[in-house]
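Taking it in order: structure first as structure tokens, then the write-up.
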There are 2 protein chains.
Amino acid sequence: MNTASSFIAHINETVQLTEEEKQFISSICLPLTVRQGDFVERSGEVTRYYIYVQSGCLMTYFTDKDAVDHVAQFATARWWTGDLHSITKGIPSIYSTRALADSEVLLLSKHSQEELLEKYPRLERYFRILYQNALVTHLHRIIQGHSAAADERYISFREKYPSLEQYVPLKYIASYLGITPEFLSKVRRRLMEKG
Amino acid sequence: MNTASSFIAHINETVQLTEEEKQFISSICLPLTVRQGDFVERSGEVTRYYIYVQSGCLMTYFTDKDAVDHVAQFATARWWTGDLHSITKGIPSIYSTRALADSEVLLLSKHSQEELLEKYPRLERYFRILYQNALVTHLHRIIQGHSAAADERYISFREKYPSLEQYVPLKYIASYLGITPEFLSKVRRRLMEKG
DNA sequence: ACAAGAGGTTGAACTAGGTTAAGAAAGAAT
DNA sequence: ATTCTTTCTTAACCTAGTTCAACCTCTTGT
């Protein structure tokens, strides 16, 4: 049982790993323990690591010109987060990532990922499928944002991510849904009153 | 010069192809010519093909419970479209795809893609990078939808996709931006008056 | 114990964007 | 040429969601 075992199990669901591959993956992953509130990535800096969450919960958000934060995504166990654009292109990130709870993450540097994929091209498949699934989710979120009212979006958020409620303050859920905390409060009240 | 040559050139930018690979790719791509208005994919049916656009322009959209269409994405030359969720999971599609202009597309069936990737796993890389870039774009669109007003979104749409204006009626651009055609009209008027 | 924050709720006034309906402009079809 | 259809615009009115400010409840730190 080493520090990257949950990550290895996760990859193994998509691509069967050899012992050698497992060992190599373990060797390039940097385990990191973060406390609630800690930054894992800061906007303005070039993102250096792909971030994999083993336990706890992170949130990645964009801060606009009026200093308002907008939640891009939450990440709980077995999810990735971080600014792909920044890390792949080497440009400063527009997102910050912070821990919403004490969490254990694995950091995979850009260089390590490249080395990994060069050495074991089979693993491209893991990331391909990961990104493919994320794409489906993101497009659904865009469309739902355009076609569904706030209350409907809130209801389906709760159905889709019931486990997040334990970690995530309502104001961040509001932000994720694209509404203000005050309005989410009203939505919740209406839903309570109805049943 | 065969029917898939533009597609092969596109892949070749990411992964250097051998002659054998090129030949195989050509053999599994189904070229299709569609006229403006034609459907390439219909919601309710299981999507059978990944759709690559060689020329022209397609749009993929979701029709909500009130029969209102919401544009998920446009696809011009060298872009892919189609409902990934439907094709990968074999469930009925929630999106339809139609030609906004006479277009030439290549269809890659689910089976052919699987065969391709099994035979030449190197090509996973092409799709991985494709999806990775799409993910960046989608997330940016979500965040912009939450942080920028309609006029700002319209301006950056025009900057980002100047070539689309020739193909795409304003009402679909409005839909893509998440506003009504009437409101886009107001936005355009305001921008005209200002300069 | 106390203060100081952070998160959540409420309500009143406001606004970005939606709705409805009608007309103008521009293609496409006969 | 002229009709038909689709796209775009305008204007009056409407509403989902915002803003601002006050207040309440928990935590957290001292």
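The values are calculated or read from the model by the stated rules, or taken from the named source; none is laboratory data. Values in this document were obtained by computation on a predicted structure and should not be read as measured data. So basically every Cβ, Gly included, is an ideal-geometry build from the backbone, and we count neighbours across all protein chains shown. The area values use the complete protein model at the heavy-atom level, side chains included, leaving out ligands, DNA and RNA. Shrake-Rupley method; radii C 1.70, N 1.55, O 1.52, S 1.80 Å.
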**Asked** Rolling a 1.4 angstrom probe over the protein heavy atoms, how many square angstrom per residue are accessible across the protein assembly as shown?
**Response** 50
**Complete:** Per residue of B:141-153, other chain Cβ atoms within 10 Å number on average 5
**Complete:** Judged on accessible area alone, 1.4 Å probe, highest first, B:LYS22, A:LYS160 line up as A:LYS160, B:LYS22
**Asked** Given the protein chains as shown and a 1.4 Å probe, how many square angstrom of A:THR3 are accessible, to the nearest 10?
**Response** 80
**Request:** Treating only the Cβ atoms of Lys and Arg (+1) and Asp and Glu (-1) as charged, compute the dipole magnitude of region A:5-120 about its Cα centre; round to the nearest 20 debye.
**Result:** 160
**Item:** Charge tally in the Cβ shell below 15 Å around B:HIS70, where Lys, Arg are +1 and Asp, Glu are -1, B:HIS70 excluded
**Value:** +2
**Fill in**
So, relative contact order of chain B in percent, Cα under 8 Å, 6 or more apart, is 23
**Prompt:** In debye, nearest 20: dipole of the protein assembly as shown around its Cα centre with unit charges on the Cβ of K, R (+) and D, E (-)?
**Reply:** 940
**Fill in**
Tilt, helix B:150-160 to longest principal axis of chain B (alpha-carbon atoms), in degrees rounded to tens, equals 40
**Request:** Hey, could you get me the Stokes-Einstein D for region B:154-195, Kirkwood radius over alpha-carbon pairs, 25 °C and 0.890 mPa s, rounded to whole µm² s⁻¹?
**Result:** 233
**Acute angle (nearest 10 degrees) that the helix A:110-119 long axis makes with the longest principal axis of chain A, alpha-carbon atoms** = 50
**Once exposed loop GluC sites (Glu not before Pro) are cut out (DSSP; at most 14 other Cβ, 10 Å), longest piece of chain B** = B:46-195
**Request:** Give me the angle, in degrees from 0 to 90, between the Cα long axis of helix A:124-147 and the longest principal axis of the Cα atoms of chain A, rounded to the nearest 10.
**Result:** 10
**Fill in**
B:GLU124 neighbourhood, Cβ < 11 Å, K/R = +1, D/E = -1, net charge +4
**Complete:** Counting only protein heavy atoms and leaving out ligands, DNA and RNA, the solvent-accessible surface of B:TRP80 at a 1.4 Å probe, in Å² to the nearest 10, equals 40
**Request:** Only helical DSSP H runs with n ≥ 4 go in: add -39500 (n - 2.57) per run for chain B, normalise by residue count and round the 222 nm mean residue ellipticity to 500 deg cm²/dmol.
**Result:** -14500 deg cm²/dmol
**Asked** Round to a whole number: what % of the accessible area of the protein assembly as shown belongs to carbon and sulfur, probe 1.4 Å?
**Response** 51
**Request:** Averaging over all projection directions, find the projected area of the Cα convex hull of region B:5-120 and quote it in nm² with one decimal place.
**Result:** 7.1
**Message:** Springs between alpha-carbon pairs under 10 angstrom, Gaussian network model over chain B: which of B:PRO92, B:PRO121, B:PRO181 fluctuates most?
**Reply:** B:PRO121
**Message:** Can you give the local net charge around B:VAL105? Use residues other than it whose beta-carbon is closer than 14 angstrom to its beta-carbon, Lys and Arg +1, Asp and Glu -1.
**Reply:** 0
**Request:** Could you size up the charge dipole of region A:81-195 around its Cα centre, putting +1 on the beta carbon of Lys and Arg and -1 on that of Asp and Glu, and report it in debye to the nearest 20?
**Result:** 340
**Message:** Just to be sure I understand: with springs between alpha-carbon atoms less than 10 Å apart, which residue in A:LEU184, A:LEU106, A:LEU135 has the highest mean-square fluctuation in the Gaussian network model of chain A?
**Reply:** A:LEU135
**Prompt:** Rounded, prolate or oblate: which fits region B:47-113, taking a ≥ b ≥ c as square roots of the Cα gyration tensor eigenvalues, rounded meaning a/c under 1.5, else prolate when a/b beats b/c?
**Reply:** oblate
**Prompt:** With every protein chain in place, what's the accessible area of B:TYR50 (1.4 Å probe, Å², nearest 10)?
**Reply:** 10
**Prompt:** Which residues' amide hydrogens lie under 5 Å from the amide hydrogen of A:GLN73, considering only partners 5 or more residues apart or on another chain, with H built in the peptide plane?
**Reply:** A:THR60
**Fill in**
Largest-first ranking of A:THR137, B:THR47 by accessible area, probe 1.4 Å, whole protein assembly kept, is A:THR137, B:THR47
**Message:** Whole angstrom only: what separates the Cα centroid of region B:10-50 from the Cα centroid of region A:126-195?
**Reply:** 34
